[in-house]
Amino acid sequence: MLRSAHAERRDPRSAGARGHKQSLIYFPRGEADRDEADAFLLCPASQLRYRIQQGMPVMLVDEATPLTMPAVEALLARARQLDLAVGDASATR
């Protein structure tokens, strides 16, 4: 059986994830880094980045971009610098 490079990431479709709301962080356009062209939502708990298309978030797990833990931690640090609403970051550990 092949394992994904992101196999350590919790599957947001699992029974444990379904019963709990997970905090999302909204990154406005250009705020994540200088090269970021579009706004997006970050779910630190599932390590997923959801795109926003024409002002509407695309909240489909299959279309989300998986992130590595160092990338999530960098985005969380950037969110804190920008005073964006960052929930309980301990959910990523």
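Quick note: the coordinates plus some simple rules give every number you see, no bench work behind them. Worth saying up front: this structure is predicted, and the values here are computed from it rather than measured. Backbone-built Cβ (ideal geometry, glycine too); neighbour counts: all protein chains shown.
Annotations for the structure displayed:
- Extending 7 Å from the Cα toward the beta-carbon at both VAL61 and ARG80 defines two label points whose distance is 2.9 nm.
- The simple spin-label model puts a point 7 Å past each Cα toward its Cβ; for MET69 and ARG29 those points are separated by 3.5 nm.
- Once backbone amide H atoms are built at 1.01 Å from N, PHE40 has PHE27 as its partners under 5 Å, excluding neighbours fewer than 5 places away on the same chain.
- Per-residue ³J(HN,Hα) for segment 55-62, Karplus 6.51 cos²θ - 1.76 cosθ + 1.60, θ = phi - 60°, Hz, x for Gly and Pro: x, 10, x, 9, 9, 9, 4, 5
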